[in-house]
Amino acid sequence: MRTGSVLQHALDFCLPALCPACQIHSGAELCESCCNDLIPIEPPCRKCGSIISNEHGCQHCHNRGIPGIRTVSVRYAYAGPMRTLILQSKIKARRSALLALCELLDWEHIQSLEVDLVTTIPPSPGRRYGPHLASTLAKTIAQKIERPFQSCFKQLYLPAAQHDLPNHLRQHNTADLFKIKTKQNLPKNILVVDDLLTSGNTLQSASKCLRQHGAQKIYAACVARTTALR
Ligand SMILES: [Zn+2]
Ligand SMILES: [Zn+2]
């Protein structure tokens, strides 16, 4: 654990608990004001995780969804307190932020899925030591829905930042991003967990890899979506 993280954990332990997002209001959980500032994806497109903005369906994916992904479980847009919580948990390794994020998953939808195995998008190569948000979310889900967790993927390279690339290059950027770590055939229904959903290309690449090893129905769960409202 890095010195900064050790100090942060010591402070978290000694000081009175504050809302993990605003760090103003007291209490270890997300305060009422921050809860009210969350932006729900309502109603959600279950195919891509964006908001459905009119009667013609999803203007984001045009009802086509993310290739290879059957449904997406995500409740909030990546903005306001959600953005703060993700940054606090990823950069500052704050446990209270991590716990708050677990609470904000789309539990109702996740619990309605028929899943044999839960896996996670793995940490990027060369990532610094510390809690990995997507893995923590995946393990929390596995425990709650009483299904096994397995770390299935090895990430083979560090792709260029997706937001720096034009749309037509994004898919190519993540096309062969993963390798499956196990030689055994995978079960039929798999839930892949990532922290943040942006283009969906990472999930698409993960799905392709899982299918090559026997999986048939791939579901995705994320804690927030970056382009949910477009
Ligand atoms: Zn707050
Ligand atoms: Zn959609």
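A few remarks follow.
- Just one of the listed residues (R127, R147) is touching a strand residue (DSSP E or B) at 6+ places or on another chain (Cβ under 8 Å), part of a loop (DSSP other than H, G, I, E, B), at negative phi and not acidic (D, E), namely R147.
- For the residues L113, L105, L137, L101, the requirement of being surrounded by fewer than 20 Cβ atoms within 10 Å (Cβ to Cβ), at pLDDT 95 or above and within 19 Å of L203 (Cβ to Cβ) singles out L113.
- Tally of residues being surrounded by fewer than 23 Cβ atoms within 10 Å (Cβ to Cβ) and among the small types (G, A, S) across region 187-204: 1
- Subset of region 39-80 that is of a type in the set (K, R) and surrounded by fewer than 22 Cβ atoms within 10 Å (Cβ to Cβ) - its residue that is farthest from S205 (Cα to Cα): R46
- Flag for R95 being at pLDDT 95 or above, more than 16 Å from ligand 2 (Cβ to nearest atom) and under 20 Å from A28 (Cα atoms): no
- Restricting region 39-62 to residues that are within 15 Å of L104 (Cα to Cα), within 17 Å of the chain's Cα centre (by Cα) and in a loop (DSSP other than H, G, I, E, B), the residue that is farthest from ligand 2 (Cβ to nearest atom) is I39.
- Every pair of residues 6+ apart whose Cβ atoms lie under 8 Å, when the first sits in region 196-215 and is touching a residue at least 24 places away in the same chain (Cβ under 8 Å) and of a type in the set (F, W, Y) while the second is surrounded by fewer than 23 Cβ atoms within 10 Å (Cβ to Cβ) and outside any helix (DSSP H, G or I): none
- Only listed residue being at pLDDT below 95, closer than 24 Å to I51 by Cα and not charged (D, E, K, R), chosen from N185, N167: N167
- Residue list for region 107-122, restricted to those being among the acidic types (D, E) and free of Cβ contacts under 8 Å to residues at least 12 places away in the same chain: E108
- Contact annotation: residue pairs with Cβ atoms under 7 Å, 6 or more positions apart or on different chains, pairing a residue in region 137-148 that is closer than 16 Å to R95 by Cα and among the small types (G, A, S) with a partner that is outside any helix (DSSP H, G or I) and at pLDDT 95 or above, are A138/V118; A138/T119; A138/T120; A138/F149; A138/V193.
- Within region 123-134, residues that are farther than 19 Å from A206 by Cβ sit with their Cβ atoms under 7 Å from residues that are outside any loop (DSSP other than H, G, I, E, B) and modelled with pLDDT of 90 or more, at 6+ positions apart or across chains, in these pairs: P131/L98.
- Region 21-38 - residue that is aliphatic (A, V, I, L, M) and surrounded by fewer than 19 Cβ atoms within 10 Å (Cβ to Cβ) and, of those, nearest to ligand 2 (Cβ to nearest atom): L38
The values are calculated or read from the model by the stated rules, or taken from the named source; none is laboratory data. Because the structure is a prediction, the values reported are computed rather than measured. All Cβ positions, even for glycine, are placed from backbone atoms using ideal geometry, and neighbour counts span all protein chains on display.
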